[in-house]
Each structure stands twice: as structure tokens, then as C-alpha cells.
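Peer 1: One structure, as C-alpha cells, below. Some questions next.
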Amino acid sequence: MIKSEFKKISFQEILFQVVLNLIVFVFFAFDRRHPEIELFKIYFYLNYAIPALIINYLLLPRYLYKGKYIGFILYTLVLVGIIIYIEEAILEKIYYPDTRGRKFLGVFRNLMGTMPTLTVLVGFKFGWDALTNRKQMEELKSSAKESELQFLKSQINPHFLFNNLNNLYAYAVEQSPKTPEIILELSAVLRYMLYECKADYVSLENEIKQIKSYISLSELQIEDRGKVTFTTKNVSNIKSIAPLILIVFIENAFKHSSSSQADNIEIDILLEELENGKLKFICQNTFRDQSNISSLEGGIGLENVEKRLELLYPNAHKLEIKKSENEIFKVDLTIDLTKTSIK
């Protein structure tokens, strides 16, 4: 058990302890009346340093950090008692037989001399552990966030693939001449998802190309029953964006427009750069009020993208999803692309 505790000590911590003990020893042993440091004072200092190591690497992890406060206090008091005993009964009688070694000055006086050095050595170790634990917690949170993002991103591919394989199947059954075109477009989109979206962020230019490919693929669903417009304004200055954020809203627009009305389908998509690196995205589509629209704001796609926005752009995005009385379903998203959670 003791070996396992000491195996966790890093080289940086060993170096820190060495430097700390050297500095504390200089202050402990230095006397202005006698500037030279006497060799025997090493023994007095070791009487503090060894118990401090016991407290730092045995009592702190085994008792204090596990909430066993009574055990920590009792063992610490025992060590303090041993320090006082060794100093009064052994060291002072050897090195100060005619002065300090002649009589016991009392527990309080000895505590006043013992506690400052012991407190410094233990306090710095406690601070080191607190900083180390904080760093580990931040790394753990970052790792958990990254794992969740990867999981959410992985959900998009099967969700997208499931919807479009249904369309491909319908065209194949009808032996439509558009089937090869669908396969090519689907292949291009999947290639982007599988190979170019592994990074946390991708170039906005590539993301726009992906959106155009997806729109070309999805337009085959509505054929001549409506029109789709995709407009970009002043987006050349924006360098990167989290992949597959916008595509979910566009997919949702196609899915509900084509399923809820037979003709006069309208899907309007706008991508515009605002001031200071902010991106404005608007996607609106028509729907029939008499159709079942209870799931318009639900589903794995929208839930997924909302979670990703919270993780990637916390407090840096504004998302509004609403349906109007004139049978328009609208997504209005503003993202401050200069503020991200992953650096």
C-alpha cells in the first residue's frame, strides 16, 4: 500500500519537494548572530521533515482526502508528540546540554516552535495536490466533453444515411434514371462525413460545399413540387465552423416539407456573416397545418445539434425554432465563431 502511494509521485513533484525543503531548511537553520549554518541543525530539521513526509504521503491521501478527519487529526497529533519528544529528550540534551536541554519548556512553547515549519511543509504539499487535482478534473471534463461530442457526431451519420437510403430505395424500386445520380451525391456527402469531419472544426468553405451537395441530393425528393434557394452573403472572412451543425436543420426542412404537403414546397436557406465573426443562419420551410407537425421540433437530429451547440459554443450562440401562422417553420441561428469551448 505504501509503495503504491509513492509510485504516484512525479519527477516534478520530487523536484518541488527538494527545492521546498532546501529553502525551508535555510530559513530554519539560519541565525543572524551566527551566519554560518551548523551541521547538527540538519538533525533538528530532519526531525520535522520526516514527519512532514509521513503526513504528506500517508496521512493526507489515506485519511484527510478520504474524509477520515478524526484519524488524520489523531495521527498528526501523535507525530507532533514524537517530534517534541525527540527534540526535547534527545537532540537538545546532546547539542544544548547546558541551556535548552536542561529543562522542558512546556507543550505550548514547543508547539510554537514546531508548528510553523511543519505547517509550511504540509501546506505546500496540500496546495500542490489541490492544483494537481484541479488540472486532472479539467482534463477529465475536457475528455468527457470530447467523448460526448464524438458520440453526438457519430449519431448524425446513421441518421442521415437512414433517411436517404429510404429515398434511394424508392427510386430503385421505380427504376428511376435518377438513381445513379442519387448514389453519386450520397457518396460525396458520406465521404465528407466520414473523412473530412474528424476534426473539431472544418473550413466554412468545405461546409458550404457539403451543404450544396446535400441540397442537390435532397431536391430529388421534391422534384417539381417546389423550389429551394440557398444564399450566402459575405462569408469569405469566416475560416472555420464545427462540422455538421447546419446540415441537421436543412435535413429537417426537407423531411417535413416533402412529407407534409404535395406541392408548392418552399425552402429558403440563408448563410450570412455579421459583425465580429458572427454567423447568421436562417432556414425556413413551408408545411401544411393539417398534417401531423407535433414532431417538427423533436427527433434525434434537432436534439443532437442543440447539445452540440451547447458543448461547442457555450454562451456564444442563439437558437430560435418556431412555426408561424402562415405555415412557415423557421430556424434562426446566430453563432459567435470566435468563441469556442475547444482551443
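The values are calculated or read from the model by the stated rules, or taken from the named source; none is laboratory data. Please read all numbers here as calculations on a predicted model, not as lab measurements. Here Cβ is always computed from backbone atoms with ideal geometry, including for glycine, and neighbour counts include all displayed protein chains.
Peer 1: Test PHE160 against the stated conditions and say whether it is modelled with pLDDT under 90 and under 34 Å from the mean Cα position of the chain (by Cα).
Peer 2: Yes; evaluated as a whole, the condition is true for this residue.
Peer 1: In this structure, does LYS209 turn out to be in the same structural domain as ASN164 (by TED's automatic domain parsing), part of a loop (DSSP other than H, G, I, E, B), closer than 25 Å to LEU311 by Cα and charged (D, E, K, R)?
Peer 2: no
Peer 1: Sticking with this structure for a sec: Return the only residue of LEU274, LEU319 being surrounded by fewer than 16 Cβ atoms within 10 Å (Cβ to Cβ) and either touching an Asp or Glu at 6+ places or on another chain (Cβ under 6 Å) or modelled with pLDDT of 85 or more (or both).
Peer 2: Answer to the check: LEU274.
Peer 1: In region 219-229, which residue that is surrounded by fewer than 17 Cβ atoms within 10 Å (Cβ to Cβ) and assigned to a strand (DSSP E or B) is modelled with the highest pLDDT?
Peer 2: Per the stated criteria, the residue is THR229.
Peer 1: Spot the failing condition for GLY67; the list is (1) assigned to a helix (DSSP H, G or I); (2) of a type outside the set (S, T, N, Q); (3) more than 30 Å from ARG102 (Cβ to Cβ); (4) at pLDDT 90 or above, and only one is missed.
Peer 2: Tallying (1) assigned to a helix (DSSP H, G or I); (2) of a type outside the set (S, T, N, Q); (3) more than 30 Å from ARG102 (Cβ to Cβ); (4) at pLDDT 90 or above, GLY67 fails exactly one: (1).
Peer 1: Checking LEU190 against (1) over 28 Å from ILE328 (Cα atoms); (2) in contact with an Asp or Glu (Cβ under 8 Å, 6 or more places away or on another chain), which test does it fail?
Peer 2: (2)
Peer 1: Does region 190-198 include one or more residues that are of a type in the set (Phe, Trp, Tyr) and part of a loop (DSSP other than H, G, I, E, B)?
Peer 2: No, that holds for no residue.
Peer 1: Is it true that VAL78 is within 50 Å of the chain's Cα centre (by Cα), of a type in the set (A, V, I, L, M, F, W, C), loosely packed, with under 14 Cβ neighbours inside 10 Å and part of a helix (DSSP H, G or I)?
Peer 2: Against the criterion (within 50 Å of the chain's Cα centre (by Cα), of a type in the set (A, V, I, L, M, F, W, C), loosely packed, with under 14 Cβ neighbours inside 10 Å and part of a helix (DSSP H, G or I)), VAL78 qualifies.
Peer 1: Inspect all residues belonging to region 233-252 and state whether any of them is farther than 30 Å from GLU275 by Cβ and of a type outside the set (Lys, Arg).
Peer 2: no
Peer 1: Oh, and also: Give me a count of the residues in region 196-218 that are more than 19 Å from THR338 (Cα to Cα) and surrounded by 16 or more Cβ atoms within 10 Å (Cβ to Cβ).
Peer 2: Going through region 196-218 one residue at a time, the tally reaches 9.
Peer 1: A further question follows. Taking region 299-310 only, how many residues are buried (at least 18 other Cβ atoms within 10 Å of the Cβ), at pLDDT below 85 and among the aliphatic types (A, V, I, L, M)?
Peer 2: The number of residues fulfilling the criteria is 2.
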